[in-house]
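First the structure, in the form of structure tokens, and then the observations on it.
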Amino acid sequence: MIKLFKVKEKQRENAGNADGRAPVKKQSAGELRLHRDISELNLPKTCSISFPNGKDDLMNFEVTVRPDEGYYLGGTFIFSFQVSPVYPHEPPKVKCKTKVYHPNIDLEGNVCLNILREDWKPVLNINTIIYGLFHLFTQPNHEDPLNHDAAAVLRDNPKLFESNVRRAMAGGYVGQTLFTRCM
Amino acid sequence: MAEAASTPSKSRDLDKLLLRPGNLVDPNFEPGTELRLALQEQVKVLVVGAGGLGCELLKDLALSGFKNLEVIDMDRIEVTNLNRQFLFRLEDVGKPKAEVAAKRVMERVKGVNIVPHFCRIEEKDNEFYSDFHIIALGLDSIEARSYINAVACSFLEYDSDDNPREETATPMVDGGTEGFKGHARVIKPGFTPCFECTIWLFPPQVKFPLCTLAETPRNAPHCIEYAHLIKWNEVHGGKAFDPDNSDHMKWVYDEAVKRAELFGIPGVTYSLTQGVVKNIIPAIASTNAIISAACALETLKIVSGCSKTLSNYLTYNGVEGLHTKVTEFVRDKDCLVCGPGVLVELDTTVTLQKFIDMLEEHPKLLMSKASIRYRGKNLYMQAPPVLEEMTRSNLSLPLYDLMDKVPKDILHATGTINKDNKKSSGLRKLRVVFKGIDGVTDMDMAGGA
Ligand SMILES: [Zn+2]
């Protein structure tokens with residue numbers, strides 16, 4: 001028989017917060033790995049991070065990208081990150097909170113970035129994703145469209161694409177869609 | 001014994017295992033009726049999950065002589081469960097699985113007492129889980145396994161030489177099935193790899209590129225994921241999709257059907273929709289039965305010592321013919337969940353800054369630029385600047401105060417490890433003990449993550 005019975009009483013006492021403190025908050029392994037990712041962040045000057053729920057909730061944060069070149073120069077784009085307790089086994093869920101005219105980001109904020117879905121690997125980290133997001137703005141890609149119209153314009157008429165992006169960032173209409181000013 | 005002779009029926013087969021000595025038994029095995037009685041009267045087993053595997057586990061454990069069982073599950077019974085979750089009937093649809101499963105097994109197996117818990121596993125505190133001698137898992141999610149694993153490992157204690165104290169380990173038996181494949185494993189925290197040591201065994205979920213879903217769907221799962229990930233947000237805006245809400249699931253199914261018709265793709269069904277959205281491969285009743293039987297047997301062996309236990313991971317594959325294999329995985333020495341961590345003894349006056357400096361000198365750590373996290377709180381973060389600023393004022397405070405004057409506890413440090421003139425990034429578990437506090441000895445030191 002396993003040595004079961006002597007210790008159960010004691011464990012129950014320990015577990016029962018006998019000293020009157022608040023219940024122990026469970027730390028998931030994902031949270032700890034994330035702690036490492038965050039404490040080692042090395043962001044480009046164009047990107048910053050903030051923690052809307054305060055310094056202790058690392059599982060939900062926001063990343064702001066301010067491109068310093070390309071079509072989106074001068075714009076400010078905010079992404080929300082939601083990290084699972086089994087991170088990095090699963091990639092974070094990333095959404096673009098700023099409505100953007102972009103071939104790889106749809107109007108609901110879904111982002112088509114390979115490392116967020118099909119090419120995610122546990123060796124990747126938050127830093128890699130942020131760099132990936134940044135590159136979406138310097139190199140929008142018409143071959144992986146989420147916003148079909150924007151992708152077609154980028155491919156067929158880069159000049160028009162450029163002026164559409166400027167109009168969207170200034171808070172105007174592109175086709176039927178009204179964008180919010182983000183510059 | 002006379003009683004055994006006069007009651008030939010129920011425990012006859014069990015008695016062959018529990019009442020007779022053997023060659024392949026555990027060193028602590030003491031055959032006899034006392035053991036049988038202890039098994040029945042004293043041992044408390046928790047079954048986590050009352051789905052396909054959980055139903056089997058409850059029934060198997062009850063028939064194996066365990067009389068004190070509890071079961072926890074947050075789900076209600078759905079029509080699609082009835083083909084394999086054999087404890088449930090049509091009139092049970094909509095009722096909590098845990099409650100119906102407990103009732104049905106108690107009706108069928110005389111003398112067994114099963115306490116159901118209809119709630120999420122996170123709603124129960126450590127005190128609840130610490131009550132069980134062994135935990136059997138019949139789950140289909142990695143998150144849930146990871147959670148129970150962390151709870152069970154938190155009961156493990158290490159001595160001052162980093163040896164696990166066997167009597168504090170709460171063993172787990174974990175089963176899992178996917179279609180015709182399955183696994184059964186034994187986790188004894190501190191002795192065999194825990195779930196987190198080998199999380200890589202679970203293949204990551206297949207995630208289709210969003211642009212494929214949006215532009216060029218080629219099969220039924222593409223249509224379903226389009227409805228689930230893209231169309232849902234388009235129509236419902238900020239409202240979160242809840243996979244356990246059948247109205248939500250029905251909506252996704254209807255949209256997937258429309259999408260499939262548009263592209264001339266066959267094969268979208270309601271159960272496939274559930275499977276794709278919840279990442280579940282259709283369950284096969286026979287696989288559940290086989291895996292559960294293996295788990296119940298291991299539970300019996302661990303508790304009684306009547307035979308050597310599985311060491312430590314059995315895979316079963318019934319896709320073509322039948323193949324089983326046992327693999328002995330090894331522990332991750334640095335596992336943050338089940339490992340001992342590095343023991344650090346401190347005076348109560350040591351400030352956080354001093355502590356961080358000490359980690360650089362500590363021979364087992366050699367960690368510079370450490371960031372420190374304690375019980376879900378960031379005591380100090382080296383980066384990013386926004387968090388460094390918010391935590392900087394802690395540096396001058398005594399660590400003892402920052403840890404709420406707890407005499408001994410676990411904290412985590414992440415930083416640069418300087419070993420053999422090489423720098424690498426590292427995340428370490430630390431067992432901090434404050435010297436000179438009443439009632440604390442080096443000997444007992446809680447483990448866990
Ligand atoms: Zn482990």
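The values are calculated or read from the model by the stated rules, or taken from the named source; none is laboratory data. If you're wondering where the values come from, they're calculated on a predicted model, not measured in any experiment. A quick note on method: Cβ atoms are made from the backbone with ideal geometry, for glycine too, and the neighbour counts reach across all protein chains shown. Keep in mind that these areas ignore ligands, DNA and RNA; they rest on the heavy atoms of the full protein, side chains included. Shrake-Rupley method; radii C 1.70, N 1.55, O 1.52, S 1.80 Å.
Assign unit charges at the C-beta atoms only (+1 for Lys and Arg, -1 for Asp and Glu), then state the dipole size of segment B:342-434 relative to its Cα centre in Debye, rounded to the nearest 20.
Computed charge dipole of segment B:342-434: roughly 380 debye.
Just going by the charge dipole of the protein assembly as shown, with Lys and Arg at +1 and Asp and Glu at -1 on Cβ, which of A:Cys182, A:Leu154, B:Leu69 is farthest out on the positive end?
A:Leu154
Could you tell me which of rounded, prolate or oblate describes segment B:162-238, using a ≥ b ≥ c as the square roots of the eigenvalues of the alpha-carbon gyration tensor, with rounded for a/c under 1.5 and, failing that, prolate when a/b is larger than b/c and oblate otherwise?
It comes out prolate by the Cα gyration axes.
Before rounding to the nearest 500, sum -39500 (n - 2.57) across all DSSP H runs of length at least 4 in chain B and divide by the residue total; then give [θ] at 222 nm in deg cm²/dmol.
Per the formula, -9500 deg cm²/dmol.
For segment B:206-232, state which residues have at least 50 Å² less accessible area in the presence of all protein chains than in their chain by itself, taking the probe as 1.4 Å and leaving out ligands, DNA and RNA.
Residues losing area: B:Lys207, B:Leu210, B:Cys211, B:Glu215.
Between the chain alone and the structure with every protein chain in place, find the residues of segment B:369-403 that drop at least 30 Å² of accessible area; heavy atoms, 1.4 Å probe.
Hits at the 30 Å² cut-off: B:Arg373, B:Arg375, B:Gly376, B:Asn378, B:Met381, B:Ala383, B:Pro384, B:Val386, B:Leu387, B:Met390.
Please average, across the residues of B:125-137, the number of beta carbons from any other chain that are within 10 Å of each residue's own beta carbon, and give a whole number.
Mean number of neighbouring Cβ atoms from other chains: 4.
In segment A:62-120, what trypsin sites (Lys or Arg not before Pro) fall in a loop by DSSP, with at most 14 other Cβ atoms inside 10 Å?
Those that pass, being in a loop and sparsely packed, are A:Lys97.
Please label the shape of segment A:89-183 as rounded, prolate or oblate, based on the square roots a ≥ b ≥ c of the eigenvalues of the alpha-carbon gyration tensor (a/c under 1.5 means rounded; beyond that, a/b larger than b/c means prolate, else oblate).
prolate
To the nearest 10 degrees, how steep is helix A:158-169 against the longest Cα principal axis of chain A, on a 0 to 90 scale?
Tilt of helix A:158-169: around 60 degrees.
Determine, from the Cβ-Cβ distance of B:Glu320 and B:Ala285 and an R0 of 22 Å, the FRET efficiency 1/(1 + (r/R0)^6), rounded to the nearest 0.05.
It comes to 0.75.
For chain A, modelled as a GNM with alpha-carbon contacts under 10 angstrom, which of A:Gln139, A:Gln82, A:Gln27 fluctuates the most?
Of A:Gln139, A:Gln82, A:Gln27, the most mobile in the Gaussian network model is A:Gln27.
What FRET efficiency comes out for the pair B:Val93/A:Asp57, r = Cβ-Cβ distance, R0 = 51 Å, nearest 0.05?
It comes to 0.85.
Would you mind working out the accessible area per residue for the protein assembly as shown, using a 1.4 Å probe, and quoting it in Å²?
Here the residues of the protein assembly as shown average 46 Å² of exposed surface.
How high is the FRET efficiency from B:Val206 to A:Gln82, r the C-beta distance, R0 25 Å, rounded to 0.05?
For R0 = 25 Å, the calculated efficiency reads 0.80.
Sequence gap at least 6, Cα distance under 8 Å: using those rules, report the relative contact order of segment B:214-277 to the nearest whole percent.
47
Among the aspartates and glutamates, select those whose C-alpha is under 15 Å from the C-alpha of B:Lys422, and discard any that sit fewer than 8 residues away in the same chain.
Result set, ordered by chain and number: B:Glu360.
Counting only other chains, what is the mean number of Cβ atoms within 10 angstrom of the Cβ of each residue in peptide A:55-65?
Mean number of neighbouring Cβ atoms from other chains: 3.
For segment A:25-172, which whole-number percentage of the solvent-accessible area (1.4 Å probe, protein heavy atoms only) is attributable to carbon and sulfur atoms?
The computed percentage sits at 49.
Got a number for carbon plus sulfur as a percent of segment B:152-277's accessible area, 1.4 Å probe?
53
Would you please name the GluC sites (Glu not before Pro) within segment B:315-382 that are DSSP coil residues with at most 11 other C-beta atoms within 10 Å of their C-beta?
Those that pass, being in a loop and sparsely packed, are B:Glu320, B:Glu328.
Given +1 on the Cβ of Lys and Arg, -1 on the Cβ of Asp and Glu, and no further charges, what dipole in debye does segment B:92-197 carry about its Cα centre, rounded to the nearest 20?
820
Averaged over its residues, how many other protein chain Cβ atoms are within 10 Å of peptide A:33-44's Cβ atoms?
Average neighbour count from other chains, rounded to a whole number: 6.
As a test of the definition: with a 1.4 Å probe, what buried accessible area, both sides summed, do you compute for B against A, in Å² to the nearest 100?
Approximately 5600 Å² gets buried when B meets A.
Which of the three applies to segment B:214-277, rounded, prolate or oblate, going by the alpha-carbon gyration tensor with a ≥ b ≥ c and a/c under 1.5 meaning rounded?
oblate
Under a plain spin-label model, where a point goes 7 Å from the Cα along Cα-to-Cβ, how far apart in nm are B:Glu388 and B:His362?
Spacing of the two 7 Å Cα→Cβ label points: 2.2 nm.
Under unit Cβ charges (Lys, Arg +1; Asp, Glu -1), what dipole magnitude, rounded to 20 debye, does the protein assembly as shown have relative to its Cα centre?
Using Cβ point charges on Lys, Arg, Asp and Glu, the protein assembly as shown gives about 340 debye.
Go through segment B:176-186 residue by residue and turn each phi into a ³J(HN,Hα) via Karplus (6.51, -1.76, 1.60, θ = phi - 60°); whole Hz please, and just put x for glycine and proline.
With coefficients 6.51, -1.76 and 1.60, one gets x, 9, 9, x, 8, 10, x, 9, 9, 9, 10 Hz.
What trypsin sites (Lys or Arg not before Pro) does segment B:221-327 have in DSSP loop regions with at most 10 other beta carbons within 10 Å?
Those satisfying the criteria are B:Lys239.
Read phi for every residue in segment B:333-338 and hand back ³J(HN,Hα) as whole Hz from Karplus 6.51 cos²θ - 1.76 cosθ + 1.60, θ = phi - 60°, with x for Gly and Pro.
Result, rounded to whole Hz: 4, 9, 3, 6, 9, 9.
By the scheme Lys and Arg +1, Asp and Glu -1, what is the net charge of all other residues having a beta-carbon under 15 Å from that of B:Ala285?
Here the charged neighbours net out to -1.
Quick one: net charge around A:Asp144, please, counting Lys, Arg +1 and Asp, Glu -1 for every other residue with C-beta under 13 Å from its C-beta.
Net charge in that neighbourhood comes out at -3.
Using the charge dipole of segment B:214-277 (Lys, Arg: +1 at Cβ; Asp, Glu: -1 at Cβ; taken about the Cα centre), state which of B:Asn219, B:Gly238, B:Met249 has its Cα farthest towards the positive end.
It is B:Asn219.
For chain A, can you list the cysteines whose C-beta has no other cysteine C-beta under 4.7 Å from it?
Result for chain A is A:Cys47, A:Cys96, A:Cys182, no neighbouring Cys Cβ within the cutoff.
Using the charge dipole of segment B:342-434 (Lys, Arg: +1 at Cβ; Asp, Glu: -1 at Cβ; taken about the Cα centre), state which of B:Leu427, B:Tyr374, B:Met403 has its Cα farthest towards the positive end.
Result: B:Leu427, furthest along the dipole toward the positive end.
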